[in-house]
Each structure stands twice: as structure tokens, then as C-alpha cells.
Amino acid sequence: MPEYSSQTPPRSATGGLIPFVDRSGLVLEEARRGYVRMRMPLEGNVNHVGMMYAGALFTLAEVPGGALFVSSFDAKQFYPIVKSLDIQFRRPAKSDITVEVSLTDARIEEIAAAAEANGKADYDWECELVDAEGTVVARTTNRYQMRRIGT
């Protein structure tokens, strides 16, 4: 996966692979080995009481797992699946919301080695969804599994 930085124009989070996500307007702002930053716009994702819809926040917490996988692991041999995602809503989201997800190089190598040896490997992280003022609006614990293609 190519690296994207703040100098690279934002792009669709899934590149058209998941139309539901693309309709939400989720944007991949930066991706490199072990790091992903995404933004969910408030516009188009407002609920009946004027704050960001909970499903949009969940989507913002879940989708980076795929981008993190593609930027860090061998997508020709393995694919990711979501095992679980626990979300705690903390404050109303009334602006665009961002999330940053990361894995260290050491953790990436550990996960990759386990997947090579066992045909699959679990990996997890915690993340914070943050509004335009820097306030945490939600926290999540995410668990993914990478599996060897064909198993």
C-alpha cells in the first residue's frame, strides 16, 4: 500500500470496495506501515438529535483495521476479519471525528510470525475517536484476526 501523508489529497477509505462505507464519506487521511488516520465527516452522518449517528462512529472505529492490515501485512497471503469491537460512547459528536490506529514494528513482526506458523493470528488495539476540539467522544477495543487465504 502506498504511503499517504498530510500532503497527499484525502481519498475514499475503501477505494470503492465497501459502498456502505464510501457513502458515509469516511476519508483515509494517512496510511503507512503500522499507522492509519481516518476522518468521518459530520455532514451526512447526523442522527435525529443533531449529533453524529452511532453507526458512523462504529464504522470509523472498525474500518481502520482493514487499512492497518493492508499497510502492515502480506495481503497476498492473508486477509483480515473482525472478531470483536467494543465501543464506549463518552460525549456527543458534533463535528468531524478522527481516529488514529497504530501497531509497532515489533508487534507487526510478532503477529506476522504467528500467522505464518499457525495460519492465523489475533491482534488487537484500542483507539480513541476525537472531535475537532480534541475531545474524546468514544473509545474502542478492537480485535481482528488475520487468516491465511484458502483456509
Out of everything in the stretch 81-126 that is among the polar types (S, T, N, Q) and closer than 24 Å to PHE58 by Cα, what residue ends up being least open to solvent (accessible area, probe 1.4 Å)? SER95
Just the residues that are without any contact (Cβ under 8 Å) to a residue 12 or more places away in the chain and under 19 Å from PRO92 (Cβ atoms), please, taken from the stretch 117-151. GLY134
Picking from ARG23, ARG91, the residue that is touching a residue at least 24 places away in the same chain (Cβ under 8 Å) and among the charged types (D, E, K, R) would be ARG91
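Would you tally the residues in the stretch 20-52 being of a type in the set (Lys, Arg) and over 14 Å from the mean Cα position of the chain (by Cα)?
Residues flagged as of a type in the set (Lys, Arg) and over 14 Å from the mean Cα position of the chain (by Cα) within the stretch 20-52 amount to 1.
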If we keep just the residues of the stretch 80-132 that are in a loop (DSSP other than H, G, I, E, B) and among the aliphatic types (A, V, I, L, M), which is nearest to the chain's Cα centre (by Cα)? LEU103
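So which of SER71, SER84 is in contact with a strand residue (DSSP E or B) (Cβ under 6 Å, 6 or more places away or on another chain), farther than 26 Å from THR135 by Cβ and either free of Cβ contacts under 8 Å to residues at least 12 places away in the same chain or polar (S, T, N, Q) (or both)? Write out each step before concluding.
Working: SER84 fails: farther than 26 Å from THR135 by Cβ.
Criteria check complete, one pass: SER71.
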Could you count how many residues in the stretch 36-61 are in a loop (DSSP other than H, G, I, E, B) and either touching a Gly at 6+ places or on another chain (Cβ under 9 Å) or loosely packed, with under 14 Cβ neighbours inside 10 Å (or both)? 8
Based on this model, can you work out whether PHE78 counts as under 24 Å from ARG32 (Cβ atoms) and either among the aromatic types (Phe, Trp, Tyr) or surrounded by fewer than 20 Cβ atoms within 10 Å (Cβ to Cβ) (or both)? yes
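The values are calculated or read from the model by the stated rules, or taken from the named source; none is laboratory data. Fair warning: this is a prediction, and the values are worked out from it, not measured in the lab. So basically every Cβ, Gly included, is an ideal-geometry build from the backbone, and we count neighbours across all protein chains shown. The protein model used for the area step is the full one, side chains on, heavy atoms only, and it has no ligands, DNA or RNA in it. Shrake-Rupley method; radii C 1.70, N 1.55, O 1.52, S 1.80 Å.
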